[in-house]
Structures are given as structure tokens and as C-alpha cells.
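Every number in this text was worked out from the coordinates using simple rules, so none of it is lab data. Here the structure is a predicted model, which is why all the values come from computation and not from measurement. Glycine gets a Cβ as well: all are built from the backbone with ideal geometry, and neighbour counts include every protein chain shown.
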Amino acid sequence: MTTHAPTASPTDDSLIEYPCQFPIKVMGANIVGFTAAMIEVACSFDPTFDTASVELRESKGGKFLGVTLNVRATSRAQLDDIYRALT
């Protein structure tokens, strides 16, 4: 007789309870269009994305820009897809 271990669901290994607001931090060159491109990605995965929630932080020398996108996460798969799109 063969026994199989129960298959874990994708949410079993996550400490996040969905849905929730989830901050995603992105670093990139401080160039025209970078922030708009990051917002476009966020909006494509979260139709309720609030552009007013975007946080910006320049590097000390101003060459780089940190962008925090507060998305409404509905699943781990969605977050994985957002990270893939941003990279």
C-alpha cells in the first residue's frame, strides 16, 4: 500500500492573509518615466491601485529612485506576477 503526503496549497507556506495592502519597493535609475512605468505595472495587477499612495525616495546622490507601491494583494500568485513584471 502506498501513502502520499497531503499536497500543500499555495497559501499554506504564506504568512500573508489575503486580501491585504502590500508594499512593494522598487529601485531604479532616477530618470523621467521610471515612476510612471512602475505605476503602470501596479495598475495592471491592481485595478484599485491608488497613485496617491506611491512613496518616492531619492538616493543620496540623486542617481537612483526608490518607489514604494502599495498594492492590494489578492494572492501569492498575483504578487509573484507583479515581481516578475517589475524585474
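The table that follows gives values for the structure above.
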{"quantity": "Number of positions in the range 36-48 that are touching a strand residue (DSSP E or B) at 6+ places or on another chain (Cβ under 6 Å) and either surrounded by 13 or more Cβ atoms within 10 Å (Cβ to Cβ) or farther than 24 Å from Ala77 by Cβ (or both)", "calculated": "3"}
{"quantity": "Qualifying positions in the range 33-84 - basic (Lys, Arg) and free of Cβ contacts under 8 Å to residues at least 60 places away in the same chain", "calculated": "Arg57, Lys60, Lys63, Arg72, Arg84"}
{"quantity": "Subset of the range 60-84 [more than 11 Å from Lys25 (Cα to Cα), surrounded by 12 or more Cβ atoms within 10 Å (Cβ to Cβ) and not hydrophobic (A, V, I, L, M, F, W, C)]", "calculated": "Arg72, Thr74, Ser75, Arg76, Gln78, Asp81"}
